[in-house]
Each structure stands twice: as structure tokens, then as C-alpha cells.
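The values are calculated or read from the model by the stated rules, or taken from the named source; none is laboratory data. Every value quoted in this text rests on a predicted model; they were computed, and no experiment measured them. Cβ sites come from the backbone with ideal geometry, for glycine too, and all protein chains shown count toward neighbours.
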Amino acid sequence: MKRKKILLVAITALALTTGGIIYAADHIDSPSATADPTADITDLYVFRAPDPNYLVFAANTHGLLTPGPAGTTTSAKFDENTLIEFNIDTNGDAVEDLVIQCKYDAASNSMVVYGPAAPSETGTRSKLEGSATASVVVTAYGAAAPTISTSASGIKLFAGPRDDPFFFDLDQYKKIVAGTATGFNNPGTDHFAGLNVLSVVLEIPKTLIPTASGNINVWLETKKKI
């Protein structure tokens, strides 16, 4: 789901319960995203880490990047004027109680994280909250191994290109919409196979995300500096 508001370029919503994961995905489907793919949200994932004391937050942006030396992944970069913001509702009122903000620093080629922290403003306006809590150098395309940092508070962080994890049979979907097919094939053909995205992945200690009900709702925004 994406919508345009004042500072909000794109939004993908995800609802998470402690028992599982619900996710949403989208790729270049609005005029703002087409004009600025660095702000386009393709996927949001939130799930338990292998260590049950941690949650993983993954944001994918800049979809449909092609691989290879001549592909668009080689030149794709995060935008230092685009804030990637995870919004966390801990009490079920659909208003963010905590934010995790990810901002690219071009000078150091690093992704810098602020939070989790209570936001000064809610809705479509944001400002960086407090001091940075984690940072990592962006992993280059084709690197032999990912660069992962661990902060003093236990936040693990990765940023860089990755294979698009979302599976969707777009051609079959178009046939269904056109009325020439009645359903999807099993397993179908992944339209996004071999294409890449830019990912920001965090592993957050649960102690940094206190909840009132035991469940959290999470949605992701990209916001432009004005």
C-alpha cells in the first residue's frame, strides 16, 4: 500500500503478532515512486530472530535493480535526503509509539540508525530523534561477505544490495485480471527472480521495544528532507 502525503513519499504497512508474520510488498506503482525509486518501498519484513530475545526489521527499497557488471545495481545508492523510518505501535491504537530511523551518510558511505525512540511528532512529519544508536558501512555490490555491525546496545545492522526476496507471478496475475486464467499456478514463475533491491536489516533486542499488549504493529515510511 502506498500513499502520498506532505513529507511521506511511500508507505508499506505490516501487522505483526508474536505468533507469526504478515507482510506487504509493492514495486514502483505510484508517480512519486517512479520519479524517485530511491524512496520506493518494495517490502517490509518483521520477524523473530533465531535468538528469541531479538526481532528482525528489514526494509527493502529501490526495486527492480538488474544484476551484473552492466546492471543498475552497480550504481544504485541510498539517498542521503531520504529517511527510512520503521514505525512501531505498541498498544494497538495505530499511532507510532516508537520509531527506528535510518539515514544514509554519503560522506562515510554509512547507514546511520537513530532509535528505537519515542517520536517528537507522529504522522507524516518526522525529525531525527536523539543521538545515533548504530551505524554500518554500506556493503558494496559483489562483496565477498556482508558488512554487519553490532552496537553497544546490541543492535546488529546491515545495509546494501540484496536479491529481491519477494515471490510473485506477475504474468499469471495479469491473465487472472484479464479473465484468461482462473488462478495461480503451483509454484508459478517468480517475476522478481534475479532482480535486486537495496536493503536495511536490523536485529533489535526486545528489551528496546517494550510492549503494552504483547503484540506490535509496524509500518514503514520513506520521508524526504525539505
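Is it fair to say THR133 is more than 18 Å from ASN217 (Cβ to Cβ) and crowded, with 18+ Cβ neighbours inside 10 Å?
Values: more than 18 Å from ASN217 (Cβ to Cβ): yes; crowded, with 18+ Cβ neighbours inside 10 Å: yes.
Against the criterion (more than 18 Å from ASN217 (Cβ to Cβ) and crowded, with 18+ Cβ neighbours inside 10 Å), THR133 qualifies.
Failed condition for GLU203, given (1) in a loop (DSSP other than H, G, I, E, B); (2) farther than 28 Å from GLY71 by Cβ; (3) modelled with pLDDT of 90 or more; (4) of a type outside the set (Val, Ile, Thr), with all others met?
(1)
Only one residue in ALA144, ALA181 is over 22 Å from GLY71 (Cα atoms) and without any contact (Cβ under 8 Å) to a residue 40 or more places away in the chain, so which one is that?
Going through ALA144, ALA181 in turn, the sole match is ALA181.
Can you confirm whether the range 116-133 contains a residue that is touching a residue at least 60 places away in the same chain (Cβ under 8 Å) and part of a strand (DSSP E or B)?
yes
Out of the range 117-153, which residues are of a type in the set (A, V, I, L, M) and touching an Asp or Glu at 6+ places or on another chain (Cβ under 7 Å)?
If the condition is that a residue be of a type in the set (A, V, I, L, M) and touching an Asp or Glu at 6+ places or on another chain (Cβ under 7 Å), then ALA117, ALA118 are the ones that fit.
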